Every structure is written in C-alpha cells, then in structure tokens.
Amino acid sequence: MPHLQSALGVAVLLAFAWVISEKRRAIDWRDAGKALLVTLATALLLLEDHVALKPGDWVIQDVANSAVGRHLIVLAKARGIRTINVVRRGDVAGELKALGADVVLEASDDLPARAREAAGGQPIRLGIDAISGKACRQIADCLADGAVMVNYGGLSGEEPEIGRVNLNQRGVSLMGFMLGRGLAKRTSAQVRALNVELAADVREGVLSAPVDAIYPIEEIKAALAHAQRRGRHGKVLVLPTGPI
C-alpha cells in the first residue's frame, strides 16, 4: 500500500500538542511541529531500552534523516554515544553532522564493511531499523557478535530480516519496538518525568525537528505528494484547521 508508506513521511499533529504550551492556551502549531513528543520519546526509548550503552559505544541506524533519526542523533551525542547514520541521499550528511552525527553513510550493498571501517573495528552494539526487509538484514550484518537489532518500522512493506548466520552463529538478537509497550514498562511517574524532560528540551531548543512545509488537513493529497519529493530538508506537517 504505497500511499500508506508515503504517509509515514508526514507528521500528523492532533491533540497531543497540549504538552508544548506551558499555560495550555493558544497553541502555536509550528512549535507543536517541532515538538513531536511521540517521536522524541520513540528515539529516547530506542536508544535506552535495549542495550546498556556506555559513552564511546557505537550505534547504527537507518532512515537517519527522519524525525526519529535526527532526535536519536542529538540524544546519543548528549550521552557520549557514537552514531553511524545510514541515509538514501548524501546531501543530508552536513545537516546530520551538525546535529552531532559521527558518521553518515549512504545505503549500499557494501554497507557492513564501510560501517565496520567507520567504527575503527570497535563493536557496534545496537542496530536500529525502520525499513525492514533487506535493509534490516544489512544493519544486522554491521553489528558485533551478541549485539541487539531493533526494528520499529516497515517502510519497505516487507517483514524484518536478520539472517540465520547473524541469529544462530553470531548471537545477534532481533527485537521489535512499539512506543506503547516501552511506556507500559514504566510507572506513571516515570512517564510524566520523561514527558517533562523532553518538553523542556523542546522549549529550550535542545531538541527540534526541521519543518519543510505545513498543509491544512484539506490538502492531505498535496502533503503526501510533497513528502515523496527528493531533496526535502524537513518534515511535512498536516495540521487540523478547526479548534482542538
């Protein structure tokens, strides 16, 4: 269903925007577009919930130019964790490095060899995939023995792959991720603290998501078409036009 896959490139913002306004009055939807607290929480839990990473450890992710990918780069940098970021277009490398990306690689068949070289032979302990299919297997091939591969999306429309050698001989684990499950492992107090921390980072400009265009909900078809264009430098937002 290609139109649904395209929709994954469009951030639809609804009632969640209340977390941005300290006084919960008139909402600035452009600020709400920057916040995307759900996306921020996804990036944080992907980074923290699967491997006990230490400063200096390596992580590799695909779709690194997405909102989740960009937030993960910033969060990892703040923790001293080094990132290898896989993208389809090399023209975004400068933007991602400005956010704190250590390495940016274009997707290709020789990705595992280039990723290992970029890490200087040090183990890559966590892999994060949002594409599934062959891309998931490629990220898994980059990982060290005993590492963890986390899948949180299926942009290819295929099932996640990891490969028998990775799974059986090298001990690489494949795990699925959904934000709801990750939050359910936390107490209500922990979830509130997480939201407060992320909202504060958004207000202070530590975390943000670039916005390429904003469309009213009535122009959803135009927004989907825009989301498919090459050369975008931010998310395409679809906003409600009536009161929340």
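The criterion of being aromatic (F, W, Y) and in the same structural domain as L72 (by TED's automatic domain parsing) does not hold for Y215. A residue that is out of contact with any Asp or Glu (no Cβ under 8 Å at 6 or more places or on another chain), among the acidic types (D, E), within 16 Å of V150 (Cβ to Cβ) and surrounded by 16 or more Cβ atoms within 10 Å (Cβ to Cβ) cannot be found anywhere in the stretch 95-113. Given the condition over 14 Å from the mean Cα position of the chain (by Cα), in the same structural domain as D49 (by TED's automatic domain parsing), among the β-branched types (V, I, T) and buried (at least 23 other Cβ atoms within 10 Å of the Cβ), answer yes or no: does some residue in the stretch 131-150 qualify? Looking through the stretch 131-150, at least one residue is over 14 Å from the mean Cα position of the chain (by Cα), in the same structural domain as D49 (by TED's automatic domain parsing), among the β-branched types (V, I, T) and buried (at least 23 other Cβ atoms within 10 Å of the Cβ). Of all residues in the stretch 149-159, those that are over 20 Å from L47 (Cβ atoms) and either outside any loop (DSSP other than H, G, I, E, B) or of a type in the set (S, T, Y) (or both) total 1.
If you filter the stretch 174-184 down to residues that are exposed (fewer than 15 other Cβ atoms within 10 Å of the Cβ) and closer than 18 Å to L37 by Cα, you find that the one that is modelled with the lowest pLDDT is G180.
Screening the stretch 179-229 for residues that are without any contact (Cβ under 8 Å) to a residue 24 or more places away in the chain and in a loop (DSSP other than H, G, I, E, B) and picking the one that is farthest from K77 (Cα to Cα) gives R229.
Residues that are in the same structural domain as R170 (by TED's automatic domain parsing), in a loop (DSSP other than H, G, I, E, B), buried (at least 20 other Cβ atoms within 10 Å of the Cβ) and among the charged types (D, E, K, R) occur in the stretch 60-68; there is at least one. When D91 is tested against (1) surrounded by 18 or more Cβ atoms within 10 Å (Cβ to Cβ); (2) more than 18 Å from the chain's Cα centre (by Cα), only condition (1) is not met. Only a single criterion out of (1) within 22 Å of I81 (Cβ to Cβ); (2) surrounded by fewer than 16 Cβ atoms within 10 Å (Cβ to Cβ) is not satisfied by S188, namely (1). Answer yes if at least one residue in the stretch 66-87 is at pLDDT below 95, farther than 25 Å from E197 by Cα and not hydrophobic (A, V, I, L, M, F, W, C), and no otherwise. Checking the stretch 66-87: not a single residue is at pLDDT below 95, farther than 25 Å from E197 by Cα and not hydrophobic (A, V, I, L, M, F, W, C). Is it the case that the stretch 154-173 has a residue that's closer than 30 Å to A78 by Cα, surrounded by fewer than 15 Cβ atoms within 10 Å (Cβ to Cβ), touching a strand residue (DSSP E or B) at 6+ places or on another chain (Cβ under 7 Å) and assigned by TED's automatic domain parsing to the domain that holds A78? Scanning the stretch 154-173, I find no residue that is closer than 30 Å to A78 by Cα, surrounded by fewer than 15 Cβ atoms within 10 Å (Cβ to Cβ), touching a strand residue (DSSP E or B) at 6+ places or on another chain (Cβ under 7 Å) and assigned by TED's automatic domain parsing to the domain that holds A78, so the answer is no.
The values are calculated or read from the model by the stated rules, or taken from the named source; none is laboratory data. Here the structure is a predicted model, which is why all the values come from computation and not from measurement. Don't worry about glycine lacking a Cβ; one is built from the backbone with ideal geometry, like all the others, and counts go over all protein chains shown.
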